[in-house]
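What follows draws every value from the coordinates through simple rules; no lab data is involved. All values derive from a computational prediction rather than experimental measurement. As a convention, Cβ positions derive from the backbone with ideal geometry for all residues, glycine included, and neighbour counts pool all protein chains shown.
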Amino acid sequence: MACPHLDYRESDGDREFDTARAFCTVTDEFVQPVHADICNERYGLDPESDCEIFREDAGLDWDE
Amino acid sequence: MTYDEYLDGKPVVITAALTGGIQGKEAHPDLPETPAEIGSAAAAAEEAGAAVVHLHARRDNGERAFSTERFQAVTDAVRDATDDVIVQHSTGGTAAPDALRAEPLRTDPAPEMASLDMGPMNRGRRLTSENTRDTIDGLHTEMRERGIKPELEVFNNGHLNEAFRILDDLDEPPYLNFIFGPGTLAPPSPANLQRMVDQLPEHAEFNVIGFGPHQLPLTTQSLILGGHVRVGLEDNSYLRKGELATNEALVARAARIAEELGRPVATPTEARDVLGVESRR
């Protein structure tokens, strides 16, 4: 499973990479490697509970 | 280390933190990520004056990796590209389970040094590196079994308590690394660094990391206090405001400042002597 907003891209229009990198379709930016572990639901992490971007986009408060 | 030893010209050990695992090429286009890139960066850092290289491993896409296999690829590339530099593997890993955290200790040969986090560190709203006492003791036991010199990562003043707890179990000299930055790291200030140094036993060696703009002033202060320094792109992307750095340039600047202050820069052989590290080259 992975975040529905996660994409892997080699380019964002400005920069090119040899290997496709984690890209957030909400922020339109490449994702930090440590944050990509949330996007990919590694180590028990989960975008719905752990990602500020996901929660803000979904209109979720932190006390929900 | 003490101020008197600074006056006596004791060599300073420069560690280059080449890659880290938090940010990657999305933040800095020249940040080394692949084993070949990290090997090249290590060679350039050694040439500029680094005696130790602090290593993390990554997947091909720059994301974090903890497996022995990925660390083996990185350490092989570094050993092939460098002459004598001391290899230090990270055992840090925000959110990663303990079983993965030990994998970097199991390369062949084992790293000469490894980081050992002394307590929790938060990152952002939900990420944390727990570093329970069980985690600390488990990693430390495996380091002892494999003859790996631990560098005790003191993220803030409270972690000194944990470092002191295991002090008697460490081979001489104990080697502590003070880390200054945002969040749950030690608040960056010269007074805070001085206070932490004042609490160390005299036979301990210490190293200083300052994140971002704190790298230059706090590592310079460490030189005067008789400590060692860590620089590199893991901790700081900029040489000065608006100018992206390279690992090599950050090491060269640290070496230049040390020489100006009368601290000779330790070769890897001298660094092994200062820190009590067993050679595996």
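Put a dot 7 Å past the Cα of B:T2, heading toward its Cβ, do the same for B:R256, and the two dots end up 3.3 nm apart.
Equivalent ellipsoid of segment B:107-186: semi-axes from √(5λ) of the C-alpha gyration tensor, largest first, are 22, 14, 11 Å. Each label was represented as a point 7 Å from its Cα along the Cα-to-Cβ direction; for A:T27 and B:D60 these points are 2.6 nm apart.
What value in Å³ per residue do you get for the convex hull of the alpha-carbon atoms in chain B?
Working: hull volume 31.9 nm³, N = 281.
Taking the convex hull of the Cα positions in chain B, it is 113 Å³ per residue.
The separation of segment A:13-46 from segment B:78-100, counted between C-alpha centres, amounts to 23 Å. Note on the protein assembly as shown: along the principal axes its Cα atoms extend 60, 40, 38 Å, ordered by decreasing extent.
Give the whole-number value, in cubic angstrom per residue, of the convex hull volume spanned by the C-alpha atoms of segment B:1-136. Could the numbers behind the result be given before it?
Details: hull volume 19.1 nm³, N = 136.
Spelled out: Cα convex hull of segment B:1-136, divided by residues, is 141 Å³.
With N residues in segment B:158-281, what two-decimal value do you get for its Cα radius of gyration over 2.2 N^0.38 Å? Write down the numbers at each step before the final one.
On the way: Rg = 14.8 Å, N = 124, 2.2 N^0.38 = 13.7 Å.
Cα-based Rg divided by the globular estimate yields 1.08.
Taking amide H atoms as placed 1.01 Å from N in the peptide plane, the amide H of B:M118 lies under 5 Å from those of B:E153, B:F155, each 5 or more residues away in sequence or on another chain.
Looking at segment B:103-144, I'd like the Rg to Rh ratio, where Rg is from alpha-carbon atoms and Rh is Kirkwood's inverse mean 1/r. Before the final figure, lay out the partial values.
Working: Rg = 12.3 Å, Rh = 11.6 Å.
Reported Rg/Rh, Kirkwood definition of Rh: 1.06.
Using DSSP to call loops (not H, G, I, E or B), can you name the trypsin sites (Lys or Arg not before Pro) in segment B:97-146 whose Cβ has at most 16 other Cβ atoms within 10 angstrom? When the trypsin sites (Lys or Arg not before Pro) of segment B:97-146 are filtered for loop state and at most 16 Cβ neighbours within 10 Å, B:R125, B:R126, B:R146 remain. Each stretch of four or more DSSP H residues adds -39500 (n - 2.57); spread over every residue of chain B, this sum gives -10000 deg cm²/dmol at 222 nm.
What GluC sites (Glu not before Pro) does segment B:171-276 have in DSSP loop regions with at most 11 other beta carbons within 10 Å? Walk me through the intermediate numbers first.
Working: sites: B:E202, B:E205, B:E234, B:E243, B:E248, B:E259, B:E260, B:E270; in loops: B:E202, B:E234.
Those satisfying the criteria are B:E202.
Put simply, the amide H of B:T19, placed in the peptide plane, has neighbours under 5 Å in B:H56, B:E234, leaving out anything fewer than 5 places away on its chain. Distances longer than 18 Å among the Cα atoms of segment A:6-58: what percent of all pairs is that? It works out to 28 percent of all Cα pairs. Here the Karplus curve 6.51 cos²θ - 1.76 cosθ + 1.60, taken at θ = phi - 60°, turns the phi angles of segment B:105-119 into couplings of 7, 9, 6, 10, x, 5, x, 6, 9, 8, 7, 9, 5, 9, x Hz, with x standing for Gly and Pro. Proximity of backbone amide H atoms, modeled 1.01 Å from N, is registered between B:V12 and B:V265, B:A266 at under 5 Å, excluding neighbours fewer than 5 places apart on the same chain.
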